[in-house]
Every structure is written in structure tokens, then in C-alpha cells.
1. Of all residues in region 234-247, which are out of contact with any helix residue (DSSP H, G or I) (no Cβ under 6 Å at 6 or more places or on another chain) and either over 26 Å from residue 269 (Cα atoms) or in a loop (DSSP other than H, G, I, E, B) (or both)?
2. Tell me the residue from 29, 55, 36 that is crowded, with 18+ Cβ neighbours inside 10 Å, at pLDDT below 90, in contact with a helix residue (DSSP H, G or I) (Cβ under 9 Å, 6 or more places away or on another chain) and under 26 Å from residue 334 (Cβ atoms), please.
3. Out of all the residues in region 200-224, which are more than 17 Å from the chain's Cα centre (by Cα) and buried (at least 19 other Cβ atoms within 10 Å of the Cβ)?
4. Run down 227, 261 and say which single residue is more than 14 Å from the chain's Cα centre (by Cα) and either modelled with pLDDT of 95 or more or more than 30 Å from residue 34 (Cα to Cα) (or both).
5. Quick one: count up the residues across region 282-301 that are farther than 15 Å from residue 321 by Cβ, in contact with a strand residue (DSSP E or B) (Cβ under 9 Å, 6 or more places away or on another chain) and surrounded by 20 or more Cβ atoms within 10 Å (Cβ to Cβ).
6. Return only the number of the condition from (1) in a helix (DSSP H, G or I); (2) farther than 22 Å from residue 82 by Cα that residue 40 does not satisfy.
7. I need the helices (runs of 4 or more DSSP H) fully contained in region 84-199, keeping only those with at least 2 residues that are at pLDDT below 95 and surrounded by fewer than 19 Cβ atoms within 10 Å (Cβ to Cβ).
8. Among the numbered criteria (1) farther than 28 Å from residue 269 by Cα; (2) assigned to a loop (DSSP other than H, G, I, E, B); (3) over 24 Å from the mean Cα position of the chain (by Cα), which single criterion is violated by residue 326?
């Protein structure tokens, strides 16, 4: 058995550590490239969203590397994520004659339960305590990397050498991935953040909040490394979606009945949006209001081309931007998006924000 799963930001750092700790054979997911997108697109339905195409490409490349056990994710609600697993199974069957096992982790009805059951299935000789320990440690790692990433986005634009801050962030994230204990994770996190803080000054840069669809925001290949791009431009960035916070809410909080993220975003989004529209649409609206109320100079809304929840959210976002007089840039991304085009639009947007801030 050799397991592989789709690539998504720094999620692989914690998951690889978890699988290794449980002695589960796995293959590192190849980095996303143009080939990944093309391969996934060739076995994807017409009009499907970019996250589907890329995750499909990840699984197919995994098979080419020798994987025989694939792990994918699905959800419920008004979003294509609800049938990712079913459609991907059809595409995988068409692409290979091998005996491939496909496991699904359900992100909506019970991420923790689905993940636990899967790990119990593939680790017959490991105790329940060991599985729970490694799940909790993986979540701890993700939250630590979240904190390091947020620190990079805060201290980077306040440093004369933002590239150095970005390097410290990457090094810190890599060190978290080899930590042997919970205490080690905390130590590495504090050291990485402390090193960044020591290089930062007291500047008050333009502040931008990034909202939108989850996968687009957390996968640098898809969003053209927008966070690092903005940091290098001297812009403080706040990504309103975090892998660690999401995993923590969907696992440890949810099993104790403390998960209330949707309720909180619904409270924030009213009266612009009064119900859940699927995907991350409600979160986008609520996050936009939060940015407007917390002194942000602008908002970037990024989502996959054709993503219905985010398209629905745009009606609320336009009203929020108008009522709070906060500029908003919308980026609709697919496999044909150009790096040059995205960079040009972002540079123009930031230039407008800086001029606006200087006049205030």
C-alpha cells in the first residue's frame, strides 16, 4: 500500500508527519506544475472548477509515481466539492487499468470522524490513543505554521528586506514538520516569530485583507503566491482563511460541540447575506465586513472561475464595498490565468490604495 493525497498549501507538512508517525506508507505529493493542471483537466468534466482539476491532476500523478491508495475530500452543500470523490473516481477509472483504492474524507459531516476511520482502516496495529495523538499533533503543527505565516505577513512589509522574512517563514514551517513533541512545535513557532520580529521596524503600511474560496487562498501555485508578492511590495496582508484554524474547528472543536464558525460569519455578514450559500460564500461576506470594520485599506477577493458560492457572494461584497467605502479587487482564476495579468492588476490596485492612504 502506498498512499497519496492532493497537494494544498502547507497541509502536506503536517499530514506527512502524521502518516510517518503512524508508519503508514505514503508518497510525497508532487509539487503542482503546469503538467499537473493539464493532466487533471484532460480527465475533468467541462466547466469544472480549477481546484477540482488540480486535485485530479495530483491523484493521477500519484498513480504514475506508484501510488495505489488515493485519499480525496468531499463535502456537502451548494458547492461542487460535494461530488469531487464520485466524479474523480470515474476519471481515475478511465485513466488507468490498475487496481486503485479511493478513500474519501468528508469535510462537512465530520472531518475528524472520516479521518479517524480512514487511519483505523490502514493502521491495524496502531492503538486508538496513538491515532488520536498524531491527529492532534498534526492540527497543532498546522496552527503553528498558520501563526508563522501570519507573522510573515505582518512583519514582512515592516522590514527593509522582506525576502529575509519570507525565508524565515519557510524555514520555520519546515522545522515544524520535523518536531518530535508538542513542546517542540511551540518552541519552533516562537523562535521563528521572534526572529521575524527582530528584523521589523515601526512602519504603518497599507493593509489588505484577502478573502475568497478556501483552496485558492491556501495554495500558492493557484493564487500566484499573492501573499509573498504583496509582502515584497510593502503591504501588510491578512488571509481570512487558515488551514490550521479550519482543521482545528472541524476536528477538535467540532467533536466537543464547540464549532460555531458558520454562526459567527452569519452574524458578521448580516444584513448583506442572511443565509449560507454554499462553499465559502458566507465566510467571504462576513470576512469583508470584518476587514471594513478593522481598518483595512482594501480587500482582494479571489476565487475559481465559475465558483457559484463566490459569485453569489459578490452581490453582497459590492454592497459592502460601497457602504464602507473600501476598495475591492476581484480575481477570478482558472488554468488560463496569466501571471503577468494578475501581477499588473494587483500592482495597480496597491498603487491606488497607497495614493488613497497618503491623501487621508
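1. none
2. On inspection, the qualifying residue turns out to be 29.
3. Here is the first cut: in region 200-224, the residues more than 17 Å from the chain's Cα centre (by Cα) are 200-208.
Of everything in region 200-224, those that are more than 17 Å from the chain's Cα centre (by Cα) and buried (at least 19 other Cβ atoms within 10 Å of the Cβ) turn out to be 205, 206, 207, 208.
4. Details: 227 fails: more than 14 Å from the chain's Cα centre (by Cα).
None of the others qualify; the one that does is 261.
5. Total meeting the criteria: 1.
6. (2)
7. 84-95, 111-122, 128-155
8. (1)
The values are calculated or read from the model by the stated rules, or taken from the named source; none is laboratory data. Predicted model, so just to flag it, every value in this text is computed and none were measured. Every residue, glycine as well, gets a Cβ built from its backbone with ideal geometry; the counts of neighbours run over all protein chains shown.
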